[in-house]
Amino acid sequence: VQLQASGGGLVQAGDSLKLSCALSGSLFMVKSVGWYRQTPGKEREMVASITTGGTTKYEDLVKGRFTISRDNAKDTVYLQMNNLKPEDTAVYYCNVKIPTGVSWWGQGTLVTVSS
């Protein structure tokens, strides 16, 4: 499975941004797709995830502001981020998991939110 993340950039607090994660390869194995973020000196943390069944999960700090969705026709998973805050500044990564627990990571996309 290959993942290509895009959509990061520099925005101001309160702005919106939409990240995309384009998937390719043996997608029939995919159990879930997630967005993670990481800042220097901190561990990578899960932001949002969506299963093939459509079940979504969100990290508490982004609930109500971020929405994860998927377009099966385009094999793409999105992360709509609204009302961005400076603390959302991070490198965002998409991740794919299969039922065996094996996962793949895409390259990161940097989101910078200025105050």
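Take the solvent-accessible surface of the protein heavy atoms, probe 1.4 Å, and return the percent of it on the chain that carbon and sulfur atoms account for. Carbon plus sulfur share of accessible area: 50 percent. In the chain, Cα pairs under 8 Å separated by at least six residues give a relative contact order of 37 percent. Can you give the net charge of the other residues whose Cβ lies under 13 Å from the Cβ of Leu27, counting K and R as +1 and D and E as -1? Neighbourhood net charge equals +2.
Ignoring lysines fewer than eight residues from Lys42 along the same chain, the ones with Cα atoms less than 29 angstrom from its Cα are Lys18, Lys31, Lys57, Lys63, Lys85, Lys97.
Keeping every protein chain in place, order Thr109, Thr56 by accessible area at 1.4 Å, biggest value first, i.e. largest first.
Numbers: Thr109 15, Thr56 60 Å².
Highest to lowest solvent-accessible surface, that is Thr56, Thr109.
The residues packed around Lys85, meaning those with a beta-carbon under 11 Å from its beta-carbon, carry a net charge of -2 if Lys and Arg are +1 and Asp and Glu are -1.
Take the range 1-88 with all the other protein chains still there, run a 1.4 Å probe, and you get 56 Å² of accessible area per residue.
Can you run the Rg to Rh ratio on the chain? Use alpha carbon positions and the Kirkwood inverse-distance Rh. Mind dumping the intermediate values first?
Values: Rg = 13.4 Å, Rh = 14.1 Å.
Here the Rg-to-Rh quotient is 0.95.
The values are calculated or read from the model by the stated rules, or taken from the named source; none is laboratory data. No experiment lies behind these values; they were computed from the predicted model shown. Backbone-built Cβ (ideal geometry, glycine too); neighbour counts: all protein chains shown. Protein only, heavy atoms only, side chains kept; ligands, DNA and RNA dropped before computing areas. Shrake-Rupley method; radii C 1.70, N 1.55, O 1.52, S 1.80 Å.
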